[in-house]
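Q: Okay, handing you the structure first.
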Amino acid sequence: MKLYGYWRSSTSYRVRIALNLKNIEVEHVPVNLLKSEHRDNGFASMNSSRSVPILEVEGVRLAQSQAIIEYLEEVYPEPSLLPSDAIARSRVRAMAQLVACDIHPVNNLRILKYLSDELQVTSDQKNAWMQRWFAEGFAALESMVRASGQSGACCYGDVPTMADIALIPQLYNARRFGAPLEDYPTLLKVESHCLQLPAFDQARPENQPDAVVN
Ligand SMILES: N[C@@H](CCC(=O)N[C@@H](CS)C(=O)NCC(=O)O)C(=O)O
């Protein structure tokens, strides 16, 4: 298997965590987003949405991090990234989708470039945009995790699920943009637990071969 990704990409980070939790080894193929390598025609022929990650499995290329993680869950069911009960699975998927569908898309690189380059918003306005969607999303997720009545060491219980796989990279991203996080104590508690687990630690952006760390 090959994972086309970028060290700082939160969606690549999600897939790295899932692969590590399932003990699947892959070859990492860096795609430098800052150099717009994902916008090259060569890359677009692999993923028409011009984004990372892509997981290549026996010559077949899979796109969309959540779909990739669901594929891994189906083909490598142990350890599972979902609880056993259907209602609980729906709750975990809702948490993951809150991050993947509500927070991440509006704070993505291409959106920020459009705001700056086409709409010519100031950097303060761009920052306000970022903070706004982080705040709305994390407040909703904090409530959702608490309301489940199941938060433990992880978002749902004590075993990492798709919810944690989505949350930890998004918190990393929020920190990059200086988002205040003190109003989300449950999410921060989960983060400090997860980052001690080798599967999460090894997936951290700064631990990737293409990381540029000052
Ligand atoms: N929904 C997609 C989003 C993929 C995505 O947009 N990835 C970002 C990096 S986190 C990217 O490649 N952005 C490039 C851009 O916005 O131009 C997924 O979950 O895989």
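Q: Quick one: if the Förster radius is 22 Å, what FRET efficiency do R175 and S36 give, using the C-beta to C-beta distance and rounding to 0.05?
A: 0.35
Q: Could you work out which residue, out of S84, S192, S148, moves most in a Gaussian network model of the chain, that is, has the largest mean-square fluctuation with Cα springs under 10 Å?
A: Taking springs between Cα atoms under 10 Å, the residue moving most is S84.
Q: Sticking with this structure for a sec: In square nanometres and to one decimal, what's the mean projected area of the convex hull around the Cα atoms of the chain?
A: So the Cα hull casts an average projection of 11.9 nm².
Q: When a/c reaches 1.5 or more, the comparison of a/b and b/c decides; with that in mind, is segment 35-112 rounded, prolate or oblate per its Cα gyration tensor?
A: In terms of gyration-tensor shape, oblate.
Q: Quick one: which residues, 5 or more positions from L62 or on another chain, have an amide H under 5 Å from its amide H? H modelled 1.01 Å from N in the peptide plane, none for Pro or chain starts.
A: For L62, the qualifying residues are L55, E56, V57.
Q: List nothing, just return the count: lysine pairs in the chain, 8 or more apart or interchain, with Cα separation under 24 Å.
A: 6
Q: With label points built 7 Å along Cα→Cβ from the Cα atoms of D183 and N108, find their separation and express it in nm.
A: Once both label points are built, they end up 2.6 nm from each other.
Q: Next up: At a 1.4 Å probe, what is the % contribution of carbon and sulfur to the accessible area of segment 17-58?
A: Here it works out to 41 percent.
Q: A further question follows. Among the helices of the chain (complete DSSP H runs), which have Cα atoms covering no less than 20 Å along the helix axis and a Kyte-Doolittle mean of at least -1.0?
A: 123-147, 162-176
Q: Compute, for segment 45-197, the length of the dipole vector about the Cα centre, with Cβ point charges of +1 (Lys, Arg) and -1 (Asp, Glu) only. Units Debye, rounded to 20.
A: Here segment 45-197 has a charge dipole of around 360 debye.
Q: Determine how large the accessible area of E78 is when every protein chain is in place; take a 1.4 Å probe and give Å² rounded to the nearest 10.
A: Looks like 140 Å² after rounding.
Q: Once amide H atoms are built 1.01 Å from N in the peptide plane, which residues 5 or more positions from Y184, or in another chain, come under 5 Å H to H?
A: none
Q: Still on this structure, please answer the following. Can you work out ³J(HN,Hα) from phi for every residue in segment 197-204, in order, using Karplus 6.51 cos²θ - 1.76 cosθ + 1.60 and θ = phi - 60°, giving whole Hz and x for Gly and Pro?
A: Going residue by residue, I get 7, x, 5, 7, 4, 5, 8, 4 Hz, with x marking Gly and Pro.
Q: Among DSSP beta bridges whose residues both lie in segment 1-119, state the antiparallel percentage, nearest 5.
A: If we restrict to bridges inside segment 1-119, about 65 percent are antiparallel.
Q: In addition: Whenever you get a sec, compute what percent of the accessible area on segment 70-161 sits on carbon and sulfur atoms (1.4 Å probe).
A: 52
Q: I've got another one for you. Accessible area per residue of the chain at 1.4 Å probe, in Å²?
A: Result: 50 Å² of accessible area for each residue.
Q: If you wrap a convex hull around the Cα atoms of segment 121-214, how much volume per residue is inside, in Å³?
A: 112
The values are calculated or read from the model by the stated rules, or taken from the named source; none is laboratory data. The structure displayed is predicted, hence computed values, not measured ones. So basically every Cβ, Gly included, is an ideal-geometry build from the backbone, and we count neighbours across all protein chains shown. Side chains are part of the model used for accessible areas, which takes the heavy atoms of the whole protein and leaves out ligands, DNA and RNA. Shrake-Rupley method; radii C 1.70, N 1.55, O 1.52, S 1.80 Å.
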